[in-house]
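Notes follow the structure.
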Amino acid sequence: MAPKVTSSGVFLRWRAIAVLGLCGACSRAASGGPTSALLITLDTTRADALQEALTPNLEHFAADAVRFERAYTVTPLTLPAHASMMSGLYPVRHGLRNNGARRLSSEAETLAERAQEVGIQTAAFISAAVLDGAFGLNQGFDVYDSPPLAVQQLTTEYSSRRGSEIVSRALDWLAHRDRKRPFFLWVHIWDPHGPYDPPAEFRDIAPQHPYLGEVAAADKAVGQLLTYLKEDGIHDHTTVLIVADHGEAFWEHGEFSHGSYCWDTTMRVPLMLRSPGDVRNGQRVQAIASVADVHPTLAAAMELPPTQAQLDGQNLLDPIAPDRGVYLESYYGYLAYGWSPLTGWVDERGKYLHSSQPIFFDAQEDPKEERPRAAADATYDSYRRAIGEIGDRRVLTDVRPEKVSGLDEEIGQLGYAQVEQRDALPHPLSQSSAPSPHGMIDEQKLTLKAQKYFNTGDYAECEKIHARILAENPRNMHSWSRMGICLIRQRRHQEAIPALERVYSSDRVTASAAVNLGVCMRVAERTERAIECFELALAIDGSHAQAVRHLIDLYEALGNGEKAASYRRRYRELTGQSLPPR
């Protein structure tokens, strides 16, 4: 039986970690040529979730690797964080600020593309639909293996795969690779993401914290990969970088999960790097690192030709300046709830968070981020200048994803608010009259409470809570949308129209919101307006079969056979099914 891990308080309080200094000398010895590269990304893994009893494989790896003790993600969301790893750019530049809303532009020169161009084999094995190839991270990969959509499998679960399955697929690819050529392999392990349901062998490791059982399962999967490298004889010729995309809050600072805030609970991540010839292997480094460093670091390890792109990340194989700072953000609250944007800069002194109420946390005096300082005065202008400089850099062309039928529903199943990003987002230093995220903790708690009622089918109680939220914050598009759905499910379609109109007339309207309003218009016998809603839904998501079905019915009722026939053909193309004639 696996050893039990003890815990106390809101989350685990791990043992103190001895710190070794940064080696001032050149970090790489002669390596004898380019190496292959293995990137392992752990979803939703806190920096303090690694310890010997829970993650022995990761701890064993760290003992022979460079461990970056102050590594940060760019945003606490899976897709944008991984886009930064692949592109070497911060979200404000690559354009992916939320899960599911945008596709990485083909202008991005990804790490896989650079490797592929010089003949390196490239493969990615992905655990969840949130990183589906439709979002553009597949650029440059010979193989991009992501799970088939659950919607297409006629199940109610979202699409994800266990780390054990992903690693099995990756090992099969390694066994059949061209051994005469180096490789770049990316393995994404989803297990620690909610809902927490660890495999049976890990359920007793921390009975009160099933999340930890999921982390232990991820560790086992990592161990299988690392063991293969040694058994196959390529351990000494492969650079391995292990990093998480973000952490998990577990009610610290009043946040339940991740996405809306930039606390260390969700922003600090484990980052470990082992490269053959790196004289720092086995050391712990205190200098600031970012997940955006993945691209330049592994590009250097594989000795790829220089890029002309201006990357935001730095090569971690070289010493890091002790005064380095990195950018971070969350636009999730802005997009979903109407809060002010949240951007930030963290360096050796502390963390500055910019919103309609700027705050600062001193790294030495307040490591747990419990005593925020007001930070609107000139004392913190250097932080604002750093954020502004990032925001002024050249950005990639804005690209919406090629819609895949059911993919939006997949993202929604993960618990993320579904919002469109139709207009350009505010500059990271833009003035905002919207409420600061840090003053909206109670609203987020109410949102979570409403979600529980929604999940159990108590739509009346869910409606009441969203009404309370909107009385205080009428900018909250998520609450307007959810209230409309609750009213529809109580068969109060006429009452739902004003709520859904608020979403429809905003720049956050989704295809699903447009369809919901269209349904209400059909019930109200407002046919022309219903058609307008369903056609907008298709303009947003051309694969929305439900919108097509409604348009067939409406045009046939109007006697417009030509239009109805056109939509019948479209429905058949989308679903592979033909509707019986009326």
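Laboratory data are not the source of any read-out in this text; all were calculated from the coordinates shown. Not measured: the values here are computed from a predicted model. Using ideal geometry, Cβ is built from the backbone for each residue, glycine included, and neighbour counts are taken over all protein chains shown.
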- Message: If I stretch the segment between ASP458 and VAL395 completely, what's the gain in nm (0.36 nm per residue apart, minus their alpha carbon distance), one decimal?
- Response: 18.3 nm
- Derived scalar couplings ³J(HN,Hα) [the range 188-198; Karplus, 6.51 cos²θ - 1.76 cosθ + 1.60; whole Hz; x for Gly, Pro]: 9, 10, 8, 2, x, 6, x, x, 8, 9, x
- Any lysines whose Cα falls less than 22 Å from that of LYS220, other than same-chain ones fewer than 8 residues away, would be LYS4, LYS230
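Provide the convex hull volume over Cα atoms per residue for the range 80-141, in Å³.
Per-residue hull volume (Cα only) is 71 Å³.
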- Note on the structure: Expected unfolding gain across VAL118-ALA321 under the 0.36 nm per residue rule, minus the alpha-carbon gap, is 70.0 nm
- Task: Please pull out the direction-averaged projected area of the range 442-575, using the convex hull of its alpha-carbon atoms, in nm² to one decimal place.
- Result: 8.3
- Please compute the net charge surrounding VAL74, taking Lys and Arg as +1 and Asp and Glu as -1 over other residues with Cβ under 13 Å from its Cβ. -1
- Cβ-Cβ FRET estimate between VAL523 and SER566, R0 fixed at 25 Å, reported to 0.05: 0.50
- Task: For SER106, list long-range residues whose amide hydrogen, built 1.01 Å from N in the peptide plane, is under 5 Å from its own amide hydrogen.
- Result: none
- Can you give the charge dipole size of the range 36-305 about its Cα centre, rounded to the nearest 20 debye, using +1 on the beta carbon of Lys and Arg and -1 on the beta carbon of Asp and Glu? 480
- Item | CD proxy at 222 nm, helix term only [per DSSP H run n ≥ 4: -39500 (n - 2.57); per residue of the chain; nearest 500] | -11000 deg cm²/dmol
- Query: Which of the GluC sites (Glu not before Pro) across the range 293-356 are loop residues per DSSP, with 15 or fewer other Cβ within 10 Å?
  - Reply: GLU303, GLU348
- Principal axis lengths of the range 36-305 from Cα atoms, whole Å, largest first? 48, 38, 38
- So, with +1 on the Cβ of K and R and -1 on the Cβ of D and E, and no other charges, what is the size of the charge dipole of the range 442-575 about its Cα centre, to the nearest 20 debye? 280
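If you put +1 on each Lys and Arg Cβ and -1 on each Asp and Glu Cβ, how big is the dipole of the chain around its Cα centre, in Debye rounded to 20?
That gives the chain a dipole magnitude of about 760 debye.
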- When N counts the residues of the chain, how does its alpha-carbon radius of gyration compare numerically with 2.2 N^0.38 Å, as a ratio? 0.99
- Spin-label pair ASP507/SER578, simplified geometry with 7 Å Cα→Cβ offset, distance in nm: 4.6
- Query: lysines near LYS464 by alpha-carbon distance under 20 Å, same-chain residues fewer than 8 away left out - which ones?
  - Reply: LYS445, LYS449, LYS452
- Task: Output ³J(HN,Hα) for the range 466-476: one whole-Hz value per residue in order, computed from phi by the Karplus curve 6.51 cos²θ - 1.76 cosθ + 1.60 with θ = phi - 60°, and x for Gly and Pro.
- Result: 5, 5, 4, 4, 5, 5, 9, 9, x, 7, 6
- Counting only residues 5 or more apart in sequence or on a different chain, those whose built amide H sits under 5 Å from that of THR239 are SER36, ALA37, LEU38
- Query: Taking H as built 1.01 Å from N, whose amide H comes closer than 5 Å to the amide H of LEU271, not counting residues under 5 places away?
  - Reply: PHE68
- Task: Filter the GluC sites (Glu not before Pro) in the range 473-582 to those in DSSP coil with at most 13 other Cβ atoms within 10 Å of their Cβ, and list the result.
- Result: GLU525
